[in-house]
Amino acid sequence: MFHLFLVIGLIFLTGCPSPPKQQPKVTPLLVIPAEPLNTPSPVITEATPPPPQPPVQPSFKPPGPPRTNWINFSVWAATNGWKPLLPQSIGTISNSYLFSSPNGSFELRPGQPFGRWNGTAFAWGFPPQLTNSALWINQLDLEKNLIPLQYSPSLGKGGTIVLDPGHGGENSGARSRDGAVLEKFAVMDWARRIQKLLEKEGFRVVLTRTNDLDIPLTNRVAVAEQAKGDLFISLHFNSVDSPNDEAGIETFCLTPTGMPSTLTRGYDDDPGRRFQNNDHDIANFQFAIRIHQKMIQQTGRKDRGVRRARFMGVLREQNRPAVLLEGGFLSSPGEAALIGSADYREKLAEAVAEAIKSL
(Lines give C-alpha, C1' and ligand atoms only; values in the text may rest on other atoms or scores of the structure.)
Protein backbone atom coordinates (compact mmCIF):
# COMPACT_ATOMS: atom_id res chain seq x y z
CA MET A 1 0.00 0.00 0.00
CA PHE A 2 2.89 2.31 0.59
CA HIS A 3 5.07 3.77 -2.09
CA LEU A 4 8.54 5.17 -1.84
CA PHE A 5 9.13 8.01 -4.21
CA LEU A 6 12.41 9.23 -5.73
CA VAL A 7 12.29 12.71 -7.17
CA ILE A 8 14.73 15.44 -8.06
CA GLY A 9 13.96 18.95 -6.82
CA LEU A 10 16.45 21.77 -6.82
CA ILE A 11 14.48 24.66 -5.33
CA PHE A 12 15.66 25.55 -1.86
CA LEU A 13 13.73 28.01 0.25
CA THR A 14 13.87 28.95 3.91
CA GLY A 15 11.58 27.66 6.73
CA CYS A 16 11.08 30.95 8.57
CA PRO A 17 10.57 34.50 7.31
CA SER A 18 13.71 36.64 7.40
CA PRO A 19 13.64 40.42 7.98
CA PRO A 20 15.31 42.87 5.60
CA LYS A 21 19.07 42.97 5.81
CA GLN A 22 19.13 46.61 7.04
CA GLN A 23 18.39 46.05 10.73
CA PRO A 24 18.88 48.29 13.77
CA LYS A 25 21.75 47.23 15.98
CA VAL A 26 20.71 45.05 18.86
CA THR A 27 22.51 43.42 21.75
CA PRO A 28 23.00 39.76 20.84
CA LEU A 29 21.07 37.33 22.98
CA LEU A 30 24.03 34.93 22.98
CA VAL A 31 27.57 34.80 21.75
CA ILE A 32 28.37 31.45 20.18
CA PRO A 33 32.05 30.54 19.73
CA ALA A 34 33.09 29.00 16.42
CA GLU A 35 33.81 25.29 16.44
CA PRO A 36 34.74 22.88 13.66
CA LEU A 37 32.03 20.64 12.23
CA ASN A 38 32.00 17.02 13.30
CA THR A 39 32.77 14.40 10.70
CA PRO A 40 31.11 11.14 11.85
CA SER A 41 30.32 8.17 9.68
CA PRO A 42 27.72 5.95 11.43
CA VAL A 43 25.42 3.45 9.82
CA ILE A 44 21.96 4.79 8.95
CA THR A 45 19.06 2.98 10.58
CA GLU A 46 15.93 3.36 8.46
CA ALA A 47 12.45 3.48 9.94
CA THR A 48 10.61 0.22 9.36
CA PRO A 49 7.42 0.77 7.35
CA PRO A 50 4.19 -0.82 8.59
CA PRO A 51 3.14 -4.19 7.21
CA PRO A 52 0.50 -4.34 4.48
CA GLN A 53 -3.03 -3.57 5.60
CA PRO A 54 -6.21 -5.42 4.63
CA PRO A 55 -7.89 -4.30 1.41
CA VAL A 56 -9.72 -1.02 1.82
CA GLN A 57 -13.47 -0.78 1.63
CA PRO A 58 -15.30 0.48 -1.47
CA SER A 59 -14.81 4.19 -1.85
CA PHE A 60 -16.86 7.13 -2.98
CA LYS A 61 -15.81 10.34 -4.68
CA PRO A 62 -17.37 13.53 -3.31
CA PRO A 63 -17.91 16.38 -5.75
CA GLY A 64 -14.84 18.45 -6.57
CA PRO A 65 -11.28 17.92 -5.30
CA PRO A 66 -9.60 15.85 -4.02
CA ARG A 67 -9.69 13.35 -6.90
CA THR A 68 -8.44 10.41 -4.86
CA ASN A 69 -10.15 7.53 -3.09
CA TRP A 70 -12.27 8.06 -0.01
CA ILE A 71 -12.84 5.24 2.46
CA ASN A 72 -15.70 4.51 4.82
CA PHE A 73 -13.65 4.87 7.96
CA SER A 74 -16.10 3.22 10.33
CA VAL A 75 -16.03 0.07 8.20
CA TRP A 76 -12.24 0.21 7.83
CA ALA A 77 -11.79 0.70 11.59
CA ALA A 78 -13.93 -2.31 12.43
CA THR A 79 -12.06 -4.44 9.87
CA ASN A 80 -8.70 -3.48 11.37
CA GLY A 81 -9.57 -3.88 15.04
CA TRP A 82 -10.10 -0.24 15.92
CA LYS A 83 -12.94 0.41 18.35
CA PRO A 84 -15.30 3.09 17.06
CA LEU A 85 -17.33 5.13 19.51
CA LEU A 86 -20.51 7.07 18.93
CA PRO A 87 -20.18 10.77 18.07
CA GLN A 88 -19.27 12.61 21.24
CA SER A 89 -19.56 16.12 22.61
CA ILE A 90 -16.15 17.15 23.98
CA GLY A 91 -16.49 20.39 25.89
CA THR A 92 -17.82 22.88 23.39
CA ILE A 93 -16.79 20.72 20.43
CA SER A 94 -19.61 18.63 19.00
CA ASN A 95 -19.69 15.96 16.33
CA SER A 96 -16.28 14.53 17.24
CA TYR A 97 -15.71 10.89 16.37
CA LEU A 98 -13.45 8.92 18.68
CA PHE A 99 -11.63 5.73 17.75
CA SER A 100 -9.46 3.58 19.98
CA SER A 101 -6.62 1.97 18.02
CA PRO A 102 -3.99 -0.54 19.18
CA ASN A 103 -1.55 2.38 19.60
CA GLY A 104 -3.63 5.22 20.96
CA SER A 105 -6.81 7.17 20.42
CA PHE A 106 -7.85 9.33 17.47
CA GLU A 107 -10.30 12.21 17.32
CA LEU A 108 -11.79 12.96 13.90
CA ARG A 109 -14.05 15.96 13.29
CA PRO A 110 -15.80 16.11 9.92
CA GLY A 111 -14.82 19.16 7.88
CA GLN A 112 -12.11 20.28 10.32
CA PRO A 113 -8.46 20.70 9.19
CA PHE A 114 -6.89 19.06 12.25
CA GLY A 115 -7.28 15.69 13.92
CA ARG A 116 -5.74 14.49 17.17
CA TRP A 117 -3.68 11.45 18.13
CA ASN A 118 -3.48 10.90 21.89
CA GLY A 119 -4.48 14.56 22.24
CA THR A 120 -1.79 15.94 19.89
CA ALA A 121 -2.93 17.91 16.83
CA PHE A 122 -1.96 17.05 13.26
CA ALA A 123 -3.11 18.49 9.94
CA TRP A 124 -5.14 16.45 7.50
CA GLY A 125 -4.33 16.53 3.83
CA PHE A 126 -8.09 16.43 3.29
CA PRO A 127 -10.49 16.93 6.22
CA PRO A 128 -12.73 13.92 6.97
CA GLN A 129 -16.25 14.07 5.53
CA LEU A 130 -19.63 13.01 6.90
CA THR A 131 -21.88 11.76 4.09
CA ASN A 132 -25.14 9.83 4.51
CA SER A 133 -24.35 9.35 8.22
CA ALA A 134 -21.05 7.66 7.35
CA LEU A 135 -17.60 9.03 8.22
CA TRP A 136 -15.24 9.07 5.21
CA ILE A 137 -11.49 9.60 5.20
CA ASN A 138 -9.16 10.17 2.29
CA GLN A 139 -6.94 7.21 1.47
CA LEU A 140 -3.80 9.37 1.49
CA ASP A 141 -4.57 10.52 5.04
CA LEU A 142 -5.07 6.92 6.07
CA GLU A 143 -1.74 5.90 4.55
CA LYS A 144 0.33 8.94 5.52
CA ASN A 145 -1.21 9.99 8.83
CA LEU A 146 -3.22 7.34 10.67
CA ILE A 147 -1.50 4.04 9.87
CA PRO A 148 2.05 5.38 10.52
CA LEU A 149 1.04 6.30 14.07
CA GLN A 150 0.46 2.62 14.82
CA TYR A 151 4.23 2.13 14.65
CA SER A 152 7.29 3.83 16.14
CA PRO A 153 10.23 5.01 14.02
CA SER A 154 13.44 3.05 14.43
CA LEU A 155 16.44 5.01 15.69
CA GLY A 156 18.22 3.52 18.69
CA LYS A 157 21.16 4.82 20.68
CA GLY A 158 24.38 5.60 18.89
CA GLY A 159 22.71 7.13 15.83
CA THR A 160 23.68 10.45 14.32
CA ILE A 161 21.37 13.42 14.81
CA VAL A 162 21.94 16.46 12.57
CA LEU A 163 20.77 19.70 14.19
CA ASP A 164 20.23 22.70 11.94
CA PRO A 165 20.12 26.06 13.78
CA GLY A 166 18.31 28.22 11.23
CA HIS A 167 19.58 31.48 9.74
CA GLY A 168 22.87 33.11 10.85
CA GLY A 169 25.09 36.01 9.86
CA GLU A 170 23.23 38.81 8.05
CA ASN A 171 20.18 36.55 7.90
CA SER A 172 19.07 37.00 11.50
CA GLY A 173 15.68 35.36 10.98
CA ALA A 174 12.73 36.52 13.05
CA ARG A 175 13.13 39.04 15.87
CA SER A 176 11.08 40.14 18.84
CA ARG A 177 9.15 43.37 18.44
CA ASP A 178 11.53 45.20 20.76
CA GLY A 179 14.54 43.83 18.85
CA ALA A 180 16.04 42.23 21.95
CA VAL A 181 15.76 38.59 20.81
CA LEU A 182 17.07 37.42 17.44
CA GLU A 183 16.11 34.03 16.07
CA LYS A 184 19.62 33.18 14.85
CA PHE A 185 21.06 33.37 18.39
CA ALA A 186 18.09 31.71 20.13
CA VAL A 187 18.14 28.66 17.84
CA MET A 188 21.92 28.32 18.21
CA ASP A 189 21.55 28.12 21.97
CA TRP A 190 18.64 25.66 21.60
CA ALA A 191 20.81 23.43 19.38
CA ARG A 192 23.72 23.49 21.84
CA ARG A 193 21.42 22.42 24.66
CA ILE A 194 19.98 19.53 22.62
CA GLN A 195 23.49 18.49 21.63
CA LYS A 196 24.64 18.31 25.24
CA LEU A 197 21.65 16.23 26.31
CA LEU A 198 21.84 13.78 23.41
CA GLU A 199 25.58 13.24 23.66
CA LYS A 200 25.06 12.20 27.29
CA GLU A 201 22.70 9.51 25.96
CA GLY A 202 25.27 8.15 23.50
CA PHE A 203 24.08 9.88 20.33
CA ARG A 204 26.44 11.52 17.90
CA VAL A 205 25.35 15.07 17.15
CA VAL A 206 26.39 17.22 14.19
CA LEU A 207 25.48 20.90 13.78
CA THR A 208 25.05 22.48 10.34
CA ARG A 209 26.57 25.68 11.69
CA THR A 210 28.63 26.31 14.82
CA ASN A 211 28.98 30.09 14.63
CA ASP A 212 27.15 33.19 13.43
CA LEU A 213 27.32 32.50 9.69
CA ASP A 214 24.52 32.23 7.15
CA ILE A 215 24.98 28.75 5.72
CA PRO A 216 23.31 28.17 2.32
CA LEU A 217 20.47 25.65 2.37
CA THR A 218 22.34 23.38 -0.03
CA ASN A 219 25.28 23.27 2.38
CA ARG A 220 23.02 22.35 5.28
CA VAL A 221 21.70 19.40 3.30
CA ALA A 222 25.29 18.50 2.35
CA VAL A 223 26.39 18.48 6.00
CA ALA A 224 23.66 15.95 6.81
CA GLU A 225 24.68 13.82 3.84
CA GLN A 226 28.37 13.91 4.73
CA ALA A 227 27.57 12.98 8.33
CA LYS A 228 25.35 10.10 7.16
CA GLY A 229 22.75 11.42 9.56
CA ASP A 230 19.90 9.25 10.80
CA LEU A 231 17.62 12.21 11.54
CA PHE A 232 17.69 15.89 10.49
CA ILE A 233 16.08 18.51 12.75
CA SER A 234 15.90 22.15 11.67
CA LEU A 235 15.34 24.59 14.54
CA HIS A 236 13.42 27.85 14.17
CA PHE A 237 11.23 30.37 15.93
CA ASN A 238 8.14 31.74 14.22
CA SER A 239 6.87 35.20 13.37
CA VAL A 240 3.83 36.72 11.67
CA ASP A 241 3.16 40.25 10.45
CA SER A 242 -0.27 40.53 12.01
CA PRO A 243 -1.99 42.57 14.72
CA ASN A 244 -3.17 39.27 16.21
CA ASP A 245 -0.95 37.88 18.94
CA GLU A 246 -0.31 34.47 17.36
CA ALA A 247 1.44 32.06 19.69
CA GLY A 248 2.21 28.37 20.08
CA ILE A 249 4.38 25.59 18.72
CA GLU A 250 4.29 24.14 15.20
CA THR A 251 6.19 21.24 13.66
CA PHE A 252 6.62 20.66 9.92
CA CYS A 253 7.52 17.78 7.65
CA LEU A 254 7.45 17.47 3.87
CA THR A 255 4.04 17.21 2.21
CA PRO A 256 3.43 13.74 0.69
CA THR A 257 2.87 13.64 -3.05
CA GLY A 258 -0.82 13.99 -3.85
CA MET A 259 -1.65 16.13 -0.81
CA PRO A 260 -2.01 19.89 -0.58
CA SER A 261 0.31 21.59 1.92
CA THR A 262 -0.85 23.15 5.18
CA LEU A 263 1.45 26.12 4.56
CA THR A 264 2.59 27.54 1.20
CA ARG A 265 3.55 31.20 1.93
CA GLY A 266 2.50 32.02 -1.61
CA TYR A 267 4.86 29.56 -3.28
CA ASP A 268 3.79 27.03 -5.88
CA ASP A 269 2.34 23.92 -4.26
CA ASP A 270 1.89 21.34 -7.01
CA PRO A 271 0.56 18.16 -5.32
CA GLY A 272 2.07 16.13 -8.16
CA ARG A 273 5.64 17.10 -7.27
CA ARG A 274 7.88 14.49 -5.71
CA PHE A 275 11.12 15.12 -3.87
CA GLN A 276 13.87 12.93 -2.50
CA ASN A 277 12.65 13.28 1.08
CA ASN A 278 9.25 11.86 0.09
CA ASP A 279 10.96 8.48 0.40
CA HIS A 280 10.72 9.08 4.15
CA ASP A 281 7.10 10.29 4.39
CA ILE A 282 6.17 7.78 7.06
CA ALA A 283 9.23 8.25 9.28
CA ASN A 284 9.03 12.05 8.85
CA PHE A 285 5.56 12.10 10.34
CA GLN A 286 6.37 9.56 13.05
CA PHE A 287 9.32 11.63 14.30
CA ALA A 288 7.50 14.93 13.86
CA ILE A 289 4.46 14.10 15.97
CA ARG A 290 6.45 12.50 18.78
CA ILE A 291 8.85 15.45 19.07
CA HIS A 292 5.95 17.88 18.78
CA GLN A 293 3.99 16.09 21.48
CA LYS A 294 6.94 16.30 23.89
CA MET A 295 7.44 20.01 23.23
CA ILE A 296 3.78 20.74 24.01
CA GLN A 297 3.90 18.64 27.17
CA GLN A 298 7.18 20.15 28.37
CA THR A 299 6.35 23.81 27.75
CA GLY A 300 2.57 23.94 28.11
CA ARG A 301 2.35 26.19 25.05
CA LYS A 302 -0.52 26.18 22.54
CA ASP A 303 -0.59 23.14 20.28
CA ARG A 304 -0.66 24.42 16.68
CA GLY A 305 -0.15 20.93 15.32
CA VAL A 306 2.11 18.93 13.05
CA ARG A 307 1.79 20.51 9.61
CA ARG A 308 2.91 19.90 6.03
CA ALA A 309 4.94 22.15 3.73
CA ARG A 310 6.43 21.56 0.29
CA PHE A 311 8.53 24.73 -0.14
CA MET A 312 11.10 24.23 2.65
CA GLY A 313 14.44 23.60 0.98
CA VAL A 314 16.19 22.09 4.00
CA LEU A 315 13.58 19.31 4.04
CA ARG A 316 12.95 18.53 0.37
CA GLU A 317 16.32 17.07 -0.62
CA GLN A 318 17.15 15.22 2.59
CA ASN A 319 17.96 11.55 2.15
CA ARG A 320 16.82 10.78 5.69
CA PRO A 321 13.84 11.54 7.96
CA ALA A 322 13.66 15.31 8.43
CA VAL A 323 11.53 17.69 10.48
CA LEU A 324 11.42 21.44 11.10
CA LEU A 325 10.48 22.76 14.54
CA GLU A 326 8.98 26.19 15.26
CA GLY A 327 9.44 26.65 19.02
CA GLY A 328 7.21 29.69 19.44
CA PHE A 329 6.41 33.13 18.00
CA LEU A 330 8.92 35.95 18.39
CA SER A 331 6.24 38.30 17.05
CA SER A 332 4.25 37.64 20.24
CA PRO A 333 5.59 39.83 23.08
CA GLY A 334 4.66 37.27 25.69
CA GLU A 335 6.14 34.32 23.85
CA ALA A 336 9.24 36.32 22.83
CA ALA A 337 9.95 36.91 26.51
CA LEU A 338 9.84 33.15 27.05
CA ILE A 339 12.07 32.43 24.05
CA GLY A 340 14.57 34.94 25.40
CA SER A 341 14.86 33.00 28.67
CA ALA A 342 17.34 30.16 29.15
CA ASP A 343 14.73 28.22 31.11
CA TYR A 344 12.31 28.03 28.17
CA ARG A 345 15.05 27.04 25.71
CA GLU A 346 16.15 24.33 28.11
CA LYS A 347 12.60 22.98 28.26
CA LEU A 348 12.48 22.85 24.47
CA ALA A 349 15.85 21.07 24.38
CA GLU A 350 14.76 18.54 27.00
CA ALA A 351 11.59 17.82 25.01
CA VAL A 352 13.49 17.12 21.79
CA ALA A 353 16.09 14.98 23.55
CA GLU A 354 13.45 13.04 25.48
CA ALA A 355 11.49 12.28 22.32
CA ILE A 356 14.60 11.03 20.50
CA LYS A 357 16.03 8.90 23.28
CA SER A 358 12.65 7.22 23.84
CA LEU A 359 12.66 5.76 20.31
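The values are calculated or read from the model by the stated rules, or taken from the named source; none is laboratory data. Please read these numbers as outputs of a predicted model, since none were measured by experiment. Backbone-built Cβ (ideal geometry, glycine too); neighbour counts: all protein chains shown. Ligands, DNA and RNA are excluded from the accessible area calculation, which covers all protein heavy atoms including side chains. Shrake-Rupley method; radii C 1.70, N 1.55, O 1.52, S 1.80 Å.
Which count do you get for residues in the stretch 144-177 that are among the charged types (D, E, K, R) and modelled with pLDDT of 95 or more?
4
Of all residues in the stretch 286-303, count the ones that are over 11 Å from T120 (Cβ atoms) and either open to solvent by 10 Å² or more (accessible area, probe 1.4 Å) or out of contact with any strand residue (DSSP E or B) (no Cβ under 6 Å at 6 or more places or on another chain) (or both).
So the answer is 6.
Quick check: is even one residue across the stretch 65-80 closer than 27 Å to A355 by Cβ and modelled with pLDDT of 90 or more?
Taking every residue of the stretch 65-80 in turn, at least one turns out to be closer than 27 Å to A355 by Cβ and modelled with pLDDT of 90 or more.
Could you tell me which residue of the stretch 333-345 is nearest to A186 (Cα to Cα), considering only residues that are out of contact with any Gly (no Cβ under 9 Å at 6 or more places or on another chain) and either outside any helix (DSSP H, G or I) or of a type in the set (G, A, S) (or both)?
G340
Looking at the stretch 222-231, can you tell me whether even one residue there is within 28 Å of K157 (Cβ to Cβ), crowded, with 24+ Cβ neighbours inside 10 Å and of a type in the set (V, I, T)?
There is no residue in the stretch 222-231 that is within 28 Å of K157 (Cβ to Cβ), crowded, with 24+ Cβ neighbours inside 10 Å and of a type in the set (V, I, T).
Residues to consider are I282, I289, I296; find the one that is β-branched (V, I, T) and within 17 Å of E350 (Cβ to Cβ). Break it down stepwise before answering.
Values: I282 fails: within 17 Å of E350 (Cβ to Cβ); I289 fails: within 17 Å of E350 (Cβ to Cβ).
Step by step, each of I282, I289, I296 is checked, and only I296 is β-branched (V, I, T) and within 17 Å of E350 (Cβ to Cβ).
Report, by residue number, each residue of the stretch 204-216 that is touching an Asp or Glu at 6+ places or on another chain (Cβ under 9 Å) and open to solvent by less than 40 Å² (accessible area, probe 1.4 Å).
V205, L207, T208, R209, T210, N211, I215
Can you report the number of residues in the stretch 325-344 which are touching a helix residue (DSSP H, G or I) at 6+ places or on another chain (Cβ under 6 Å) and surrounded by fewer than 24 Cβ atoms within 10 Å (Cβ to Cβ)?
The qualifying residues number 2.
Just give me the residues in the stretch 162-202 being over 19 Å from S331 (Cβ atoms) and open to solvent by 10 Å² or more (accessible area, probe 1.4 Å), in sequence order.
G169, E170, D189, R192, R193, Q195, K196, L197, E199, K200, E201, G202 - these are the residues of the stretch 162-202 that are over 19 Å from S331 (Cβ atoms) and open to solvent by 10 Å² or more (accessible area, probe 1.4 Å).
Can you tell me which residues in the stretch 244-281 are surrounded by fewer than 17 Cβ atoms within 10 Å (Cβ to Cβ) and in contact with a helix residue (DSSP H, G or I) (Cβ under 8 Å, 6 or more places away or on another chain)?
D245 - this is the single residue of the stretch 244-281 that is surrounded by fewer than 17 Cβ atoms within 10 Å (Cβ to Cβ) and in contact with a helix residue (DSSP H, G or I) (Cβ under 8 Å, 6 or more places away or on another chain).
Go through the stretch 108-155 and tell me which strands (runs of 3 or more DSSP E), entirely inside it, have 1 or more residues that are touching a helix residue (DSSP H, G or I) at 6+ places or on another chain (Cβ under 6 Å).
Details: elements: 114-117, 120-123, 129-131, 134-138.
Output list reads 114-117, 120-123, 134-138.
Consider the stretch 112-139. How many of its residues are open to solvent by 30 Å² or more (accessible area, probe 1.4 Å), over 22 Å from M295 (Cβ atoms) and either touching a residue at least 40 places away in the same chain (Cβ under 8 Å) or not hydrophobic (A, V, I, L, M, F, W, C) (or both)?
8
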